[in-house]
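In what follows, a structure is listed as structure tokens, so that the remarks can point back to it.
What follows draws every value from the coordinates through simple rules; no lab data is involved. For clarity, every value in this text was computed on a predicted model and none was experimentally measured. All Cβ positions, even for glycine, are placed from backbone atoms using ideal geometry, and neighbour counts span all protein chains on display.
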Amino acid sequence: MMTDVMTPEQRHHCMSSIRSRDTRPEVTVRRYLWQHGYRYRLYKKELPGRPDIVLSRLRTVIFINGCFWHGHECHRRFPKTNRDFWLRKIERNRERDRDVAARLRQMGWNVITIWECELAKVRRDETLERLITTLRAFETEPKAPSPYSFPEADTELAAEAELEWGE
Ligand SMILES: [Zn+2]
């Protein structure tokens, strides 16, 4: 049992860092969706993988993935010490991500993944515009394939080039 020595403010700060919710990339996407008239729920707990954003009407979930933890191919630098440990850990995360996406799709959800690097300043506008285009396609045709899809099979860290937003 932990001794309670933190002030409520400290504890709040601590909890927020542990849960890493309300991170800046997420807020960026949420704000943009809101400005474009999309209403959403956050981290719906009963859904696999606790998606970051849930658009129930469009039966669409959005994951905003950190490139390091989720093994995006843009992120080639690993800590020098315990490199194998990190590689294995990240590979497990990738497997879990694929499993979660497959389960959600089976439940009839559209799954969109946005990578952190796609929200870097130089790419942000393009990324967000493409997100809206995709959502509009879901409005008219709820089962339209998403350009954000996870690859179904490959497990090589380097083999994810096709994840890059198509064309
Ligand atoms: Zn990335």
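In table form, for the structure just shown:
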{"quantity": "Residue order, fewest to most surrounding Cβ atoms within 10 angstrom, among ARG92, ARG124", "calculated": "ARG92, ARG124"}
{"quantity": "Length released on extending from MET107 to ASP84, taking residue separation times 0.36 nm less the Cα-Cα span", "calculated": "4.8 nm"}
{"quantity": "Karplus 3J(HN,Hα) series, Hz, for segment 117-128 with 6.51 cos²θ - 1.76 cosθ + 1.60 (x for Gly, Pro)", "calculated": "5, 7, 9, 4, 3, 5, 10, 4, 4, 4, 4, 6"}
{"quantity": "Label point distance in nm, ARG136-LYS121, each placed 7 Å from Cα along Cα→Cβ", "calculated": "2.8"}
{"quantity": "Virtual paramagnetic centre 7 Å along Cα→Cβ of CYS67, amide N under 16 Å, in segment 99-133", "calculated": "114-128"}
